[in-house]
Amino acid sequence: MTVTTVEGPLDAAELGATLMHEHIYSLYSEYRNEYGWDEQAAVRTAVATMQDLRAAGIRTIVDMTVLGLGRSVARQRRIAELSGMQIVAATGIYTFGDLPNFWRNRSAHNPDFIADFFVRELTEGVGDTGVRPAVIKLVTDAQGITADGEVIARQVAKAQLRTNAVISTHSHSATRQGLAQQKILADHGVDLGSVVIGHAGDSTDLDYLTRLADAGSWLGMDRFGYAPAGSLEQRVDTVVAMCERGYASRMVLSHDTNIVSDSVPDEVRHSPELADWHYRCISDLVLPALRERGVSEADIEAMMVANPRAVLDRSS
Ligand SMILES: [Zn+2]
């Protein structure tokens, strides 16, 4: 019935059109601490970007920025308050392979340290902010599930079982890693209907995508505009093909974009290849393209509104 946003509980009916995997700022905090960060300017820019996105009809974004990506839920809340955008936060650890020593050495003393931490954030809030994330992020990449990755996945599963929060992943589609994520989560008792396989939309392999969906998970078609992992045309083609096969009820759409990402050098971020990787890409380019290709309004409504609501409303 309600979904937890950075401003508190929200009636799930108020979610509206929702982008399920975005980043407002994705920062290397240690670098930013000493090489420049104008917090007021950052908030101003983000508020303007979010207001512009609201003008395009988007009401909610899920900010998938977790520990390791410079998350600040206090900044997210400030941006939500000033812009009117509804923002859902995430907990999780961003690493493709190795656990940072902070986690490794604490887990050596308490094997459930990581799960306990996620549960604390989901139920009590982040630090003393009172802001509660609603999503647990699981990250694995081309390396597959490394030894440390397995530790994290097991802790993610434990936290999910204790809270019933949704799990949303970063996966490497070229090596069909979503299947490995499903396997380890299912092995630890997670209902795959509680899992969004993120970056599934990087794949054009319909067999892979239907397997993920048929196992019960949601498909994150969530990097529109990120051309290095698949052109806009390819991504639209894949969503159209999946809609034709009856999978509109299993897909969510997003960009995985950002205003600033320290993982992307400025000269790349502002290159022509990434010209469409912005918050308005879906509203301005993708939805018109889907309509032109014959995707029904009902399917668009499912992917933009009903599916995100079904994913985030954990009472249903
Ligand atoms: Zn992301």
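Things worth noting here:
- Separation of alpha-carbon centers, region 45-110 and region 301-316, rounded to whole Å: 20 Å
- Within region 73-217, all pairs of alpha-carbon atoms sorted by distance into 5 Å bins from zero give the percentages 2, 10, 19, 20, 19, 14, 9, 5, 1, 0.
- The length gained by stretching the chain between ALA55 and GLU297 to full extension, at 0.36 nm per residue less their Cα-Cα distance, is 85.2 nm.
- Estimated distance in nm for a label pair at ASP284 and ARG32, the labels positioned 7 Å out from Cα along Cα-to-Cβ: 2.4 nm
- Taking other residues whose beta carbon is less than 14 angstrom from the beta carbon of VAL264, and scoring Lys, Arg as +1 and Asp, Glu as -1, yields -3.
- Only Lys, Arg, Asp and Glu carry charge here, each on its Cβ (+1 for the first two, -1 for the last two); on that basis region 2-312 has a dipole of about 580 debye about its Cα centre.
- Atom-type composition of the exposed protein surface of the chain places 48 percent of the accessible area on carbon and sulfur (1.4 angstrom probe).
- Whole-number Å³ per residue for the convex hull built on Cα positions in region 2-312: 122 Å³
- Translational diffusion of region 259-316, µm² s⁻¹ [Kirkwood Rh, Cα pairs; Stokes-Einstein; 25 °C; 0.890 mPa s]: 177 µm²/s
- Note on LYS183 and ARG211: the extension gain reaches 8.9 nm, defined as 0.36 nm multiplied by sequence separation minus the Cα-Cα distance.
- For THR123, net neighbour charge (Lys/Arg +1, Asp/Glu -1) across residues whose Cβ lies under 11 Å away: 0
- Near HIS21, the amide H atoms lying under 5 Å from its own belong to VAL62, HIS255, ASP256; only residues 5 or more places off or on other chains count, and H is placed 1.01 Å from N.
- Summing charges over neighbours of ALA48, with a neighbour being any other residue whose Cβ is under 13 Å away from its Cβ, gives +2 when K and R count +1 and D and E count -1.
- Along region 196-206 the Karplus relation, 6.51 cos²θ - 1.76 cosθ + 1.60 evaluated at θ = phi - 60°, assigns HN-Hα couplings of 9, 7, x, 6, 4, x, 5, 8, 10, 8, 5 Hz to successive residues, with x for each Gly and Pro.
- Whole-Å distance, taken between Cα centres, linking region 217-287 and region 139-190: 22 Å
- Accessible surface calculations at 1.4 Å, restricted to protein heavy atoms, place region 2-312 at 40 Å² per residue.
- Segment GLU150-ASN101, length gained on full extension (0.36 nm per residue, minus Cα span): 16.1 nm
The values are calculated or read from the model by the stated rules, or taken from the named source; none is laboratory data. None of the values given here were measured: they were computed from a predicted structure. In this analysis, Cβ positions are derived from the backbone assuming ideal geometry, glycine residues included, and neighbour counts consider all displayed protein chains. Heads up: the accessible areas ignore ligands, DNA and RNA and are worked out on the full protein's heavy atoms, side chains in. Shrake-Rupley method; radii C 1.70, N 1.55, O 1.52, S 1.80 Å.
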